[in-house]
Structures are given as C-alpha cells and as structure tokens.
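Peer 1: Structure below; questions to follow.
The values are calculated or read from the model by the stated rules, or taken from the named source; none is laboratory data. Because the structure is a prediction, the values reported are computed rather than measured. Because the Cβ atoms are built from the backbone with ideal geometry, glycine has one as well, and the counts that use them run over all protein chains shown. For accessibility, only protein heavy atoms count, side chains too; no ligands or nucleic acids. Shrake-Rupley method; radii C 1.70, N 1.55, O 1.52, S 1.80 Å.
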Amino acid sequence: MKKSKIKMGQIDFILFATIMILVCIGIIMVYSASSYVASFKYNNPQFFLKKQLLWACIGLVLMVTAIKTDYHIIKKYTGIVMIITIVLLVTVFAFTPVNGSKRWINLGPTAFQPSEIAKYIIVIYMAKSLDLKGKEIKKFTTGILPYLLVSGLYAGLILLEPNLSIAAVIMIVTIIILFAVGARFLHLFAIGSSFVAAAVAATMLAPYRMARVMNFTNPFKDSQGDGYQLVQSLLALGSGGIFGAGIGQSRQKCLYIPEPHTDFIFAIIGEELGLIGCAFIILLFVVLIWRGIKIAVTAKDMYGLILAVGITSVIAVQAVINIAVVTGSMPVTGVPLPFISYGGSSLVFNMFAMGILLNISRHTSKTD
C-alpha cells in the first residue's frame, strides 16, 4: 500500500540568496550612510557598522537554526511566547523615552524593541489557530472577530508607545492572512474601512501626525520645519540620477537627513547608487515576495501555508511602506526597510523569520 510521507528536501536557494544579498547590501549601506554621523558623534566611522555586523551574525545563526528545525515545533511554544511578548510590550513603559517614544528596553550597550517580535507572534498565533478553524472562518463572530481582538491587543499596546506604523503593519498583515484563508470579502472590506477610519482619527488626534500628513501634500511649504526630512530625502533621490554618485559619496548623509542609516536609508541608496540601485533593491523584494508566495502555495499543510503568507506579508508591507515614505508617496512614518535599515531587533527577527520560511520550503512529499 502506498502512502505519502513528509521528508526534508533542499531549501529554496533563490530565496536564501535573495535574503543574503539584501543583508550584505544593508551592511554596506549602513556603513556608507552612517560613517559621517558616527565620526561626528562617536569619533568612530565604523561605530554602526560593527553593531550591524554583530546583529547580522546573530541573525544568521538563528536563521540557520530555524532552517534545520521543523517549523511545527513552534506550535508548542506559541502560548508562552505570546504572554512573554505582552509582558515585554508593557515593560517598555518603565524605560526613559527616546525621541518622545517608549519603544525600547534598554539592555546597557544595546536596546531591544519588543514590537519587532509582536509582528511575527501574531502570524504564529494565527497559523496555529486557523489551522484548526476550517469553515468557521466564514463567520464573523467566531471566525474573524477573535483574531481582530488578539491582533488589536498587541497593536493597541504598540500604539501607546506611540508607534502607529508597526501597529498598522500588524493589522494589515492580519487582514491579509484572513483573506488568504478564505474569509468573506464583505467582512474584510468592512474591517478595512473601520481601520482606515481609526487611522484617520488617530492622525487627527495627534498634532505631530497631522503635521506629517499636511506636509506630505507639499513638503516644500515648510522645508525647514515639518517637511524637512522628506525634502532632504527627495533631494537625495533626485541628485542620484540614473547611476548615482557612487558608494560613500552621498552629501545628504552629512547631517542633512537625520539618522540616514535608519528609516531613510533608501534615500541614501538612491543618491549613491542611483535609479539602477533603487530598482535593484525593489527587484530583490519582488523576488522575495514571489518565492514566499510560492512556498505558501506549495506548503504541505495549512499551518505552513499560513506561516508562509504571514511572514512574507510582514516583509512586503514594511518594504512597500518604507519605500513609499522615502519617495514621498505617503506621509512620513517610522517603518524600517527590512534587512537594510540599521537596527538589531529588526534584522535579527527578520532573519529568524526567513529561516522559518526556508524551513517550510524544505518540506516535500514523496510516495513509496
């Protein structure tokens, strides 16, 4: 009698190569974008480079570990990790604000951002729960509402930091996953409309957010005030032309763009590598999303499918928002460019999540 069984195959090499190229570009561009600021503030042009290299090595170890570990083992620890994440999200309020926000847990020489875990915890929770949901997902009260409440809890805690950007990413990814598993379109449309209304309200109630929206429409109206960062970003992209000024040759990184190695690093890429460099980065993200979707479609179980959809969506949503912000296509908001922007928490957890995605790609079936 023939039966189908699961065996471990080869990882998706195209996805693996794409991830490593993005990480390598990120390390190079973090050094290029931060060298002037690091020299000015710390008298060490390699200050941020060394940290990013360290986080990349830690992320690589975690990614390889995840590749070699059956992704189903995550189910066992979902509940406890969800509780720990909530505790961490509450703990941030005990620390001193940084730039007016309480998003980090200070660990001495470094800082940890719990919201980076929360994005993926929602995906893991939904994968475990929806794997057993079945046709109940068609119902609003028992199929959709529980996930909105859980995601809303995490997003709400993050919104209090305040961090509207990551809170929005969590809710957008939640809707994408619900859509992927067959939730009714009318339900999702109503939810999406409610989220938009809530985002508008949150923007109108916060003066600094409202200022960002108003300056987004015409940043040059207040080019030395609220529109300053976007104006400098556009100047960097425009001066790069088609081929760019060359790596290390950016002028906007010289204290014009605040912290150019973080959320606005794509502008420095545009200035130094030009339109060609920007197009190449976008192409890499397109390839990553394509391979992520392929892995989801060919996953051997619903749990793997939902994990793959969620992990891919987190990266895709962040990349789209970041590039849209830097190019002036949407109001300025603090979302890092995955694998490229400086930041230990983001890089480590993104690479670990990619390890899970690559592990899903290893599962193939054979008949004997």
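Peer 1: For the subset of the range 234-283 comprising residues that are of a type in the set (Gly, Ala, Ser) and closer than 20 Å to residue 332 by Cα, which member is most open to solvent (accessible area, probe 1.4 Å)?
Peer 2: Only one residue fits best here, namely 238.
Peer 1: Looking at (1) aliphatic (A, V, I, L, M); (2) more than 17 Å from residue 169 (Cβ to Cβ); (3) in a helix (DSSP H, G or I), which is the only condition residue 242 fails?
Peer 2: Of (1) aliphatic (A, V, I, L, M); (2) more than 17 Å from residue 169 (Cβ to Cβ); (3) in a helix (DSSP H, G or I), only one is false for residue 242: (3).
Peer 1: Name every residue in the range 69-102 that is touching a Pro at 6+ places or on another chain (Cβ under 8 Å) and either touching a residue at least 40 places away in the same chain (Cβ under 8 Å) or among the aliphatic types (A, V, I, L, M) (or both), in order of residue number.
Peer 2: 85, 88, 89, 92, 101
Peer 1: I need the full set of residues from the range 207-230 which are at pLDDT 80 or above and within 24 Å of the chain's Cα centre (by Cα), in order please.
Peer 2: Correct list: 229, 230.
Peer 1: Taking residue 172, is it open to solvent by less than 50 Å² (accessible area, probe 1.4 Å), closer than 25 Å to residue 351 by Cβ, in contact (Cβ under 8 Å) with a residue 40 or more places away in the chain and of a type outside the set (Asp, Glu)?
Peer 2: No.
Peer 1: Look at the range 172-186 and say how many of its residues are under 18 Å from residue 303 (Cβ atoms) and among the hydrophobic types (A, V, I, L, M, F, W, C).
Peer 2: Total meeting the criteria: 8.
Peer 1: Got at least one residue in the range 113-120 being touching a residue at least 12 places away in the same chain (Cβ under 8 Å), of a type in the set (Gly, Ala, Ser) and in contact with a Leu (Cβ under 6 Å, 6 or more places away or on another chain)?
Peer 2: no
Peer 1: Could you say which residue among 352, 280, 339, 285 is among the aromatic types (Phe, Trp, Tyr), at pLDDT 95 or above and within 19 Å of residue 72 (Cα to Cα)?
Peer 2: Values: 280 fails: within 19 Å of residue 72 (Cα to Cα); 339 fails: within 19 Å of residue 72 (Cα to Cα); 285 fails: within 19 Å of residue 72 (Cα to Cα).
Answer to the selection: 352.
Peer 1: Quickly run through the range 84-109 and pick out the residues that are under 20 Å from the mean Cα position of the chain (by Cα), among the polar types (S, T, N, Q) and either surrounded by fewer than 11 Cβ atoms within 10 Å (Cβ to Cβ) or farther than 17 Å from residue 333 by Cα (or both).
Peer 2: 85, the sole residue that qualifies.
Peer 1: Separate question: Just give me the residues in the range 314-347 being assigned to a helix (DSSP H, G or I), in contact (Cβ under 8 Å) with a residue 12 or more places away in the chain, open to solvent by 10 Å² or more (accessible area, probe 1.4 Å) and hydrophobic (A, V, I, L, M, F, W, C), in sequence order.
Peer 2: If the condition is that a residue be assigned to a helix (DSSP H, G or I), in contact (Cβ under 8 Å) with a residue 12 or more places away in the chain, open to solvent by 10 Å² or more (accessible area, probe 1.4 Å) and hydrophobic (A, V, I, L, M, F, W, C), then 316, 317, 321, 323 are the ones that fit.
Peer 1: Still on this model: Going by the conditions given, is residue 66 touching a residue at least 40 places away in the same chain (Cβ under 8 Å), small (Gly, Ala, Ser), within 19 Å of residue 346 (Cβ to Cβ) and touching a Leu at 6+ places or on another chain (Cβ under 7 Å)?
Peer 2: no
Peer 1: Okay, moving on. Within the set of pairs 6+ apart or on separate chains, which have a first residue in the range 140-161 that is touching a residue at least 24 places away in the same chain (Cβ under 8 Å) and within 22 Å of residue 105 (Cα to Cα), a second that is surrounded by 15 or more Cβ atoms within 10 Å (Cβ to Cβ) and charged (D, E, K, R), and C-beta atoms under 7 Å apart?
Peer 2: What qualifies is 161/102; 161/103.
Listed here are the residues, each with its yes/no results for (1) at pLDDT 90 or above; (2) closer than 26 Å to residue 311 by Cβ; (3) among the acidic types (Asp, Glu).
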{"site": "99", "(1), (2), (3)": "no, no, no"}
{"site": "103", "(1), (2), (3)": "no, yes, no"}
{"site": "114", "(1), (2), (3)": "yes, yes, no"}
{"site": "120", "(1), (2), (3)": "yes, yes, no"}
{"site": "124", "(1), (2), (3)": "yes, yes, no"}
{"site": "127", "(1), (2), (3)": "yes, yes, no"}
{"site": "131", "(1), (2), (3)": "no, yes, yes"}
{"site": "134", "(1), (2), (3)": "no, yes, no"}
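Peer 1: Is it the case, given these coordinates, that residue 54 is open to solvent by 60 Å² or more (accessible area, probe 1.4 Å) and under 20 Å from the mean Cα position of the chain (by Cα)?
Peer 2: Answer is yes for this residue.
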